[in-house]
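Everything below concerns the one structure shown next.
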């Protein structure tokens with residue numbers, strides 16, 4: 001039998017969940033298409049999950065290792081989306097389902113703070129929501145990292161509570177949900193390092209439990225042993241992003257690009273405020289900081305540095321920094337400190353009650369700043385760009401016939417709008433490198449304009465009769481200018497060119 005207090009305890013997290021559910025629903029129902037185009041792939045992949053089953057074949061990417069050795073890196077995410085990804089426009093249901101996960105991130109963070117006796121958990125949740133526009137925007141994407149962030153927040157709770165078994169279970173689930181689950185044991189190791197620096201037990205077993213859970217998840221997986229290749233792929237991506245930015249054989253995703261100092265400051269004023277508060281709270285609580293607080297501080301500091309190098313690391317920097325700041329405040333505001341503060345307010349004849357509303361007001365302003373960024377980025381995006389071209393393909397090409405595409409980030413929309421066709425490259429260029437380095441580099445040279453388009457080679461190598469690309473991309477290729485190669489289909493979003501005649 002639930003008591004009245006137990007029922008009331010769910011009012012705040014439910015309100016938090018409903019607010020963010022409405023916020024992400026607003027973003028997802030804006031006119032136009034998705035900000036992040038990978039969402040179209042996830043919508044179609046989840047819709048076809050039951051019909052495809054656990055097939056290791058993925059013919060939609062002919063110039064990729066996925067063609068004959070496909071492994072669903074985001075399996076649990078697609079399982080979650082599947083019941084919602086219905087009809088002719090599965091992106092709508094997929095976006096709604098992903099929005100539920102995004103809203104759950106903030107509700108889970110509130111529960112995490114409250115369960116660990118952090119004062120003002122609602123204020124801490126407001127801080128997380130005010131970290132910066134790019135963080136909120138990334139949570140609005142229809143991508144598996146949304147589920148990963150939710151699992152990461154759950155993992156923080158078990159990390160702080162030193163619950164090894166539960167942490168291993170979260171690591172296992174993350175390995176079934178996300179392409180690079182090693183982020184969990186990595187940050188768990190940094191957390192344990194922070195505990196070690198306090199002179200208390202480091203609890204290295206926590207990091208070991210997270211690692212064991214992840215490795216078991218990769219080993220006992222619907223796509224084992226192909227899942228292990230995912231780690232190698234991501235190491236290749238990181239190598240290109242870190243050491244070969246200016247001379248990479250293929251271009252890595254923009255989310256692996258670094259921030260400039262000015263861009264970072266403008267993007268994350270809330271993160272900087274949290275960092276300043278963390279420094280102040282850490283200084284005030286230095287002698288009495290708990291082991292978990294210092295563990296969170298070390299992990300948060302590392303994640304912020306990582307965000308400067310790889311913009312997508314904000315997915316972990318945001319919850320870690322907000323949690324560290326609130327835990328430091330918890331340690332700093334003991335009874336003695338609070339008594340001294342109240343005495344100072346009384347001596348200066350000032351009202352202490354303005355502190356909490358004042359902090360909320362500051363965070364509200366930062367949250368509005370973040371929302372403005374999200375709204376701006378979510379407005380005026382193109383609808384699925386290959387919808388018209390897909391109708392032409394259905395009328396003029398055989399089912400299963402290959403359509404050449406040079407831009408790997410066009411693939412999600414091609415796969416979404418024209419699933420009856422197959423294509424060349426998609427989702428990540430490193431899948432091309434692992435398939436056939438020589439052919440991959442030749443395609444990349446043509447894509448970047450460093451070599452002329454070779455329609456005969458493309459047609460003979462891949463059995464394709466047509467090339468599809470976004471209409472604005474044609475300006476990069478002199479052969480496709482008005483006086484040259486004429487399209488067989490053209491609209492404002494996409495163009496189709498005959499390689500050897502349809």
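Every read-out reported here was derived from the displayed coordinates using simple, explicitly stated rules and does not represent laboratory data. No experiment lies behind these values; they were computed from the predicted model shown. Don't worry about glycine lacking a Cβ; one is built from the backbone with ideal geometry, like all the others, and counts go over all protein chains shown.
Odds and ends about this structure:
- Prolate/oblate/rounded label for region 75-221 (Cα gyration tensor, a/c 1.5): oblate
- Mean separation of Cα contacts under 8 Å, 6 or more apart, over the residue count of region 398-455: relative contact order %: 31
- Each of residue 450 and residue 391 was given a label point 7 Å from its Cα along the Cα-to-Cβ line. The distance between the two points is 3.9 nm.
- Cβ crowding within 10 Å, taken as a proxy for footprinting-reagent exposure, orders 192, 279 from fewest neighbours to most as 279, 192.
- Mean Cα-pair separation over length for region 1-123, i.e. relative contact order, pairs under 8 Å, 6 or more apart, %: 32
- Counting neighbouring Cβ atoms within 10 Å and putting the fewest first, the residues 330, 92 line up as 92, 330.
- For the pair residue 92 and residue 441 in one chain, pulling the backbone fully straight at 0.36 nm per residue adds 122.0 nm over the alpha carbon distance.
- Taking label positions 7 Å along the Cα-Cβ direction at both residue 492 and residue 261, the computed distance is 4.2 nm, reported to one decimal.
- Full-stretch length increase - residue 369, residue 420 - with 0.36 nm per residue and alpha-carbon distance subtracted: 14.1 nm
- Among 307, 261, 227, the ranking by other beta carbons within 10 Å of each residue's beta carbon, starting with the fewest, stands as 261, 227, 307.
- Virtual spin-label span in nm between residue 50 and residue 26, 7 Å along Cα→Cβ: 3.5
- Rounded if a/c under 1.5, otherwise prolate or oblate - region 397-502, Cα gyration tensor axes: rounded
- Once the Cα-Cα distance is subtracted from the 0.36 nm per residue extended length, the residue 308 to residue 9 segment shows a gain of 103.8 nm.
- Using the Cβ-Cβ distance between residue 279 and residue 382 with R0 set to 41 Å, the FRET efficiency works out to roughly 0.40.
- Structural descriptor for region 387-498: relative contact order 27 percent, calculated from alpha carbon pairs under 8 angstrom and at least 6 residues apart.
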